[in-house]
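Report on the structure given below.
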Amino acid sequence: MSAEQDLRTQVAAALLTHGISQAEAARRLSLSNKHMNQMLTGRAVLTLPWAERILALTGMRLVIGLAHDTARQDGAAS
């Protein structure tokens, strides 16, 4: 799964977990239901600022970090 798809999945899951429908989130953020759905399904770009705004509705925040890629073999070129 790509990082972009993972972000969409986690944002949608946060809404579901906190009992906020996509329609309610769209209304509270002054977006159309269609655009909210498109961002969460990958038919429109879910930018980091929009992900932050959506997550804020749930009381969550976006945290971005770096990690070593354990799947890469030792000595692989960067």
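The values are calculated or read from the model by the stated rules, or taken from the named source; none is laboratory data. Keep in mind the model is a prediction, meaning the values are calculated, not measured. Note: ideal-geometry Cβ built from the backbone for every residue, glycine included; neighbour counts use all protein chains shown. Just the protein is used for accessible areas: all its heavy atoms, side chains included, with ligands, DNA and RNA removed. Shrake-Rupley method; radii C 1.70, N 1.55, O 1.52, S 1.80 Å.
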Self-check item: Which listed residue, of 61, 53, is in a helix (DSSP H, G or I) and either touching a residue at least 60 places away in the same chain (Cβ under 8 Å) or under 11 Å from the mean Cα position of the chain (by Cα) (or both)
Solution: 53
Quiz prompt | Which listed residue, of 1, 36, 60, is hydrophobic (A, V, I, L, M, F, W, C) and modelled with pLDDT under 95 | solution = 1
Practice problem: Tell me which residues, restricted to the stretch 11-34, are loosely packed, with under 15 Cβ neighbours inside 10 Å and not in a loop (DSSP other than H, G, I, E, B). | Solution: 13, 16, 17, 23, 24, 27, 28, 33, 34
Quiz item: Looking only at the stretch 43-61, which residues are open to solvent by less than 50 Å² (accessible area, probe 1.4 Å) and under 13 Å from residue 12 (Cα atoms)?
Solution: 46, 51, 54, 55, 57, 58
